[in-house]
Amino acid sequence: AMIKWLLVPLLMGLCLGCTNFIISPGATTDGSSMITYSADGPMYGYIDIYPAAFHHRGEKRQIWNWENGKYMGEIDEALHTYNVVGNMNQFQLTIAETTNEGLEDYQHQEGAILDYGNLIYIALQRAKTAREAITIMTDLVVEYGYASAGETFSIGDTEEVWMMDLLGKGDGYKGAVWVAVKVPDGYVTAHANQGRIRTFPKDKPEECVYAPDVISFARERGLYTGTDEDFSFSDTYDPVSFIMARACEFRVWNWFRKI
């Protein structure tokens, strides 16, 4: 009885997290793509607005941590940035997220500038499509480092929707390991604070893109010894525990059973 009552507040605390539902155009009655984003946390409850703008060549953009406001550094600004309201830009590109944290040793990267919130809003200001956003986000972390724990991103435009799992490489490295998978048209999926992508195709870039070292880095760090074919991103970089299955994956299952 004591264990049960101790678990109740713990599970309730973990449930104060994010949930994304991702619906491909072929799964909706009017052909719209949809991403829902529910999130519990002190930084939510407002809408970020970034008006479209032109910038001078060589202009820098100051980066302030999206969650705690800490100054992180500066990056090169794009010559033209698009209009963004909330998590959607003027081209109906939408990006949302849930934090999965990932392995503890890879949640901090000394000298990294870009956290997950800045990645979202910079990509929305620079990309027109989901595929462009994936390229921009992953190129940025290579150049400036990744300053957050693991994330699962929902990235969609009017034609297609994608899911991307991403985790930093930790101290002593720069950048992140990641996999992005397109949701097949006519299908739906979801994520809720737990890595979702397991095995994935290595030779179908129209359906899946990934960091070149996503598997070799795991081997280098002693996290994986199997074949490329059997490699699972989430099982390697964000293995599910009982608590995360009960408090996070349960939300995904609860949606799936109702649709």
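The values are calculated or read from the model by the stated rules, or taken from the named source; none is laboratory data. Keep in mind that what you see is a predicted model, and the values were worked out from it rather than measured. Here the Cβ is made from the backbone with ideal geometry for all residues, glycine too, and neighbour counts use every protein chain on show. The accessibility values were calculated without ligands, DNA or RNA, using every heavy atom of the protein model including side chains. Shrake-Rupley method; radii C 1.70, N 1.55, O 1.52, S 1.80 Å.
Residues of the chain: accessible area per residue at 1.4 Å, in Å²?
Per-residue value: 50 Å².
Which value at 222 nm does the chain reach when only helices count, each DSSP H run of 4 or more adding -39,500 (n - 2.57), with the total divided by all residues and rounded to the nearest 500 deg cm²/dmol?
That comes out to -6000 deg cm²/dmol.
Figure the gain on full extension for THR158 and ASP228 (residue separation times 0.36 nm, minus the Cα-Cα span) and round it to one decimal in nm.
Here the answer is 21.9 nm.
Computed from these coordinates, which is mean projected area of the Cα convex hull in nm²: (1) 13.5; (2) 17.6; (3) 15.4?
(3)
Keeping all protein chains in position, work out how much accessible area THR99 exposes to a 1.4 Å probe, and write it in Å² to the nearest 10.
40 Å²
Relative contact order of the stretch 96-251: what whole-number percent is it, with Cα pairs under 8 angstrom and at least 6 residues apart?
24 percent
Starting from the Cα of LYS70, draw a straight line to each of the lysines and keep only those under 26 Å, dropping any in the same chain fewer than 8 residues away.
Partners found: LYS60, LYS169, LYS174.
Step through the table entries LYS204/LYS258; LYS128/LYS202; LYS128/LYS182; LYS182/LYS202, compare each Cα-Cα distance with 22 Å, and write down the pairs that go over it.
Pairs exceeding the cut-off: LYS204/LYS258; LYS128/LYS202.
So if each residue of separation counts as 0.36 nm, and I subtract the Cα-Cα distance between GLU206 and ASP185, what length gain in nm does that give?
The GLU206-ASP185 span can extend by a further 6.3 nm.
Based on the mean of other Cβ atoms within 10 Å per residue, sort peptides 160-168, 26-34 so the most packed one is first.
Ranked by mean Cβ neighbours within 10 Å, highest first: 160-168, 26-34.
Dipole of the chain (Lys/Arg Cβ +1, Asp/Glu Cβ -1, origin at the Cα centre): which of MET34, VAL177, PHE200 lies farthest to the positive side?
Farthest towards the positive pole: MET34.
Using a probe of 1.4 angstrom, how much of the accessible area of the chain is carbon and sulfur, in percent?
Answer for the chain is 55 percent, counting heavy atoms of protein chains only.
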